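Just so you know, all these numbers are worked out from the coordinates, no wet-lab data involved. Note that the structure is a prediction, hence the values are computed from the model and not measured. Positions of Cβ are backbone-derived with ideal geometry, glycine not excepted, and every protein chain shown enters the neighbour counts.
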Amino acid sequence: MQKHDDSVINVPSLPVAFLDVDTQKDFIRSDGCLSIKGAGNIVTNLGKLCAYALENRVAWFASMDSHVPGDTEISEAPDYDTTFPPHCMNLSEGEERIPETFRQHPLIFDIEFQYLDKPWSYFEENYDSIVFKKNNFDVFSNKNFDQFLTLVRPKVFVVFGVATDFCVRRAVEGLCSRKFKTVVVKDAVFAINQETERKLFDEWERQGIKLMATEEVIDMEPREFEKLF
Ligand SMILES: [Zn+2]
């Protein structure tokens, strides 16, 4: 009897995948609806990471903040901790990615769960990025992301974007709780509160998360990332 060969049906794990957190106009542009002061300083590095990923065919996942009026996070009297003024409103210009991280052929998943019935090779051939909408701080609230992680099982995740102390933090925590080896690109993230970012960097290093500069990341071969851990 012929033995069932798992390697034929399972795609090999990706050596590395990138996670771009919320690099949207409303957060990064100085005239954005929820502009993070100083975040414009990371756009050059975001562009370098994007170019590296395209050139090396590194899988590009992204979270996309997307709101409708009435979302719990949106308030006309915001406390800037759990509630914020209207931002990244559905179909507004501010919801779009900045030019440095914009991709021509994204596959954008709404928050509702959609069962995937195709292999990774299909997505890789037809799209240049996989984007997950969310209406809170946590990209993992979009269950389609977990479904993709099961499909492609990246060995290492490289994370960047905004804001370090809100959505990046939740993404990093979610990846770590799922046992992914994680790199945070320290000069391609930006926080609302710089002091909180410093504390998070220390905490993450203690937890075994690697903090790297953009130049260090783009100097590596995709297969080398696993050796960092
Ligand atoms: Zn939001």
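General observations
- Of the residues Y127, Y80, the one with the fewest other Cβ atoms within 10 Å heads the list, and the complete ranking is Y80, Y127.
- Report summary: the helix-based calculation at 222 nm, which adds -39500 (n - 2.57) for every DSSP H run with n ≥ 4 and divides by the residues of the chain, gives -8000 deg cm²/dmol.
- Gyration tensor verdict on region 143-229 (Cα atoms; rounded if a/c is under 1.5, prolate if a/b is larger than b/c, oblate otherwise): oblate
- Using θ = phi - 60° and Karplus 6.51 cos²θ - 1.76 cosθ + 1.60, couplings along region 94-109 (whole Hz; Gly, Pro as x): x, 6, 5, 6, 5, x, 5, 10, 5, 10, 5, 10, x, 9, 9, 9
- Two-site FRET efficiency, E125 against R178, from Cβ-Cβ distance with R₀ of 25 Å, rounded to 0.05: 0.45
- For a straight C-alpha distance cut-off of 14 angstrom, the aspartates and glutamates reachable from K181 (same-chain residues fewer than eight places away being disregarded) are E173, E205, E224, E226.
- Of all DSSP beta bridges confined to the chain, the antiparallel ones make up roughly 5%.
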